[in-house]
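J.: What follows is a single structure, and I will ask about it in a moment.
Computed from the coordinates by the stated procedures, all read-outs in this text should not be read as laboratory data. Remember, it's a predicted structure, so these values are computed and weren't measured experimentally. Backbone-built Cβ (ideal geometry, glycine too); neighbour counts: all protein chains shown.
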Amino acid sequence: MTTILIDARVDEARAVDAASTLLREGKVVAIPTETVYGLAAIITNDDAIRGIFTAKGRPADNPLIVHVANVADVASIAVVSPLAQRLMDAFFPGALTLVLPKLSHVSDLVTAGLDTVAVRMPDLAVTRAIIARAGAPVAAPSANLSGRPSPTTAQHVLDDLNGKIAAVIDAGPCREGLESTVVRIVDEQVHILRPGSVSRNDIERCINTPVATTVQDEELHRSPGTRYRHYAPHANVVLVDSIDEAIRERDAGEGPTLLLAPNDLALDLPWRPLSAASLYAELRLADSLHVKKIIVHCDEQVRTNEALMNRLRKAAEPRTDDR
Ligand code: TXA
Ligand code: MG
């Protein structure tokens, strides 16, 4: 299959037209969002949904997020409680995904057989226009090969999926760079299943109630994606919280080493700036340079960024397989 690349910044109308036509035909298309690029297929076509799992090499028991063009469309796939409506009013469009009771017509392939469906409205006008013109919501996981960092540029998508999908719509680098916050509402209490740029504080301010502080074991099982090892660069990732520790790690050797840090520590190592928006691009760059070890300096500001720390910890987990 030839993968076509369409730059929405050059001709937005053509991008919307081409992407929505391919989606209606049941093709798999990578679309930009403000968080990371997504791998989209229309939810009304099971073969198209299967195409997502095949292209990514994604386990079939890991459900997909459904992306809608309008707030009103959420009620066409899920039961919307008053609390869910409040969160949607505050954060849609944006980087918040709500796990809601699904309506029975939503395909089990999308939800991996769960009785809930994850829903999000992306904050990028071109993407909402594509979904609206496709005529139905689209399911879209991050557009990376399973086990690779999520893609934040169209080139990242091509690096993983060129020849395996119909098209990539390029809207430039993603503004947020980390995946959406995923929350589930249980007994009118909000549980964070995956932290993202919509923070615990943002949500608590909106609903005036504390958000569940830890992800329950049961909840972990309800968000199957959290069982898999994610965001995995080939290099060994080491998190340090002081410059002394960074120096010790540097002096331990272990081959080509890169420093990722919010500021230049002048450590006589190749240094790249660390931020939520650029983390995945940096992990991919390190892979392409065959770096063996990435030292990440987590200063106070990094440590208080729950979403960034969550992804860094996942990247630093010991390897359990060879992906
Ligand atoms: O920002 C994002 O969320 C990006 C862009 C493309 O929208 N998408 C994304 O999708 O990160 P994905 O598939 O890589 O991650 C979706 C996460 C997974 O951990 C999955 O297990 C969880 O959401 N999820 C999906 N449906 C669920 C459900 N019904 N219940 C619990 N967790 C669910
Ligand atoms: Mg993903």
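J.: Let me know the charge dipole size of segment 61-208 about its Cα centre in debye, to the nearest 20, where only the beta-carbon of Lys, Arg (+1) and Asp, Glu (-1) is charged. Present the calculation step by step, with values, prior to reporting the outcome.
T.: On the way: 12 positive and 15 negative charges, 34 e Å.
It comes to approximately 160 debye.
J.: Tell me the relative contact order for segment 1-117 as a rounded percent, counting alpha carbon contacts under 8 Å between residues six or more apart. If you can, show how the numbers build up before the last one.
T.: Values: 120 pairs, mean separation 25.1, N = 117.
With pairs under 8 Å counted, the relative contact order is 21 percent.
J.: With both bridge residues required to lie in segment 1-129, what share of the DSSP beta bridges run antiparallel, to the nearest 5%?
T.: Values: 8 of 11 bridges.
Roughly 75 percent of the DSSP beta bridges within segment 1-129 come out antiparallel.
J.: Quick one: if you stick a label point 7 Å off each Cα along the C-beta vector at Asp47 and Glu317, how many nm between them?
T.: So the two model labels end up 3.6 nm from each other.
J.: Assuming 0.36 nm per residue, please report the length gained on full extension of the stretch Ala132 to Ser275 beyond their Cα-Cα distance.
T.: Working: separation 143, 0.36 × 143 = 51.48 nm, distance 3.24 nm.
In short, 48.2 nm is gained.
J.: Something else now. Where the centroid of each part is defined by its Cα atoms, how far is segment 59-75 from segment 117-189 in Å?
T.: 11
J.: Hey, which of these cross-link pairs are over 18 Å Cα-Cα: Lys293/Lys314; Lys56/Lys164; Lys164/Lys314; Lys27/Lys164?
T.: From Lys293/Lys314; Lys56/Lys164; Lys164/Lys314; Lys27/Lys164, over 18 Å: Lys164/Lys314.
J.: Run the dipole for segment 112-188 about the Cα centre, Lys and Arg Cβ at +1, Asp and Glu Cβ at -1, nothing else charged, and hand back the magnitude in debye, nearest 20. Mind dumping the intermediate values first?
T.: Details: 7 positive and 9 negative charges, 56 e Å.
The dipole of segment 112-188 has a size of about 260 debye.
J.: If the only charges are +1 at each Lys and Arg Cβ and -1 at each Asp and Glu Cβ, what is the size of the charge dipole of the chain around the Cα centre, to the nearest 20 debye? Walk me through the numbers before you get to the answer.
T.: Numbers: 34 positive and 42 negative charges, 119 e Å.
The calculation lands at about 580 debye.
J.: Also: By how many degrees, 0 to 90 and rounded to 10, does the Cα axis of helix 125-134 deviate from the longest principal axis of the chain?
T.: Long axis of 125-134 versus the principal axis of the chain: about 40 degrees.
J.: Here's another thing I want to ask about it. Express in whole angstrom the spacing between the alpha-carbon centres of segment 42-58 and segment 1-34.
T.: With segment 42-58 and segment 1-34 each reduced to a Cα centre, they are spaced 16 Å.
J.: Something else: Ordered by packing density, taken as the mean number of other Cβ atoms within 10 Å over each peptide's residues, highest first, how do 67-76, 192-201 rank?
T.: Values: 67-76: 18.0, 192-201: 20.1.
So the order, starting with the most tightly packed, is 192-201, 67-76.
J.: Calculated from DSSP H runs of 4 or more alone, at -39500 (n - 2.57) each and per residue, what is the 222 nm mean residue ellipticity of the chain, nearest 500? Numbers along the way, then the final one.
T.: On the way: 12 runs with 104 residues, N = 323.
-9000 deg cm²/dmol, from helical runs alone.
J.: Give me the orientation-averaged projected area of the Cα convex hull of the chain, in nm², one decimal.
T.: That works out to 16.2 nm².
J.: Further question: What does the extension gain come out to for His290 and Val79, with contour length at 0.36 nm per residue minus their alpha carbon separation? It would help to have the intermediate numbers written out before the result.
T.: Values: separation 211, 0.36 × 211 = 75.96 nm, distance 4.74 nm.
Additional length available on full extension: 71.2 nm.
J.: What nm value, rounded to one decimal, do you get for the distance between Asp241 and Gln301 when each label is placed 7 Å out toward the C-beta?
T.: 1.8
J.: Could you tell me which of Thr304, Ala125, Val190 has its Cα farthest along the dipole of the chain towards the positive end, charges placed at Cβ (Lys, Arg +1; Asp, Glu -1), taken about the Cα centre?
T.: Ala125
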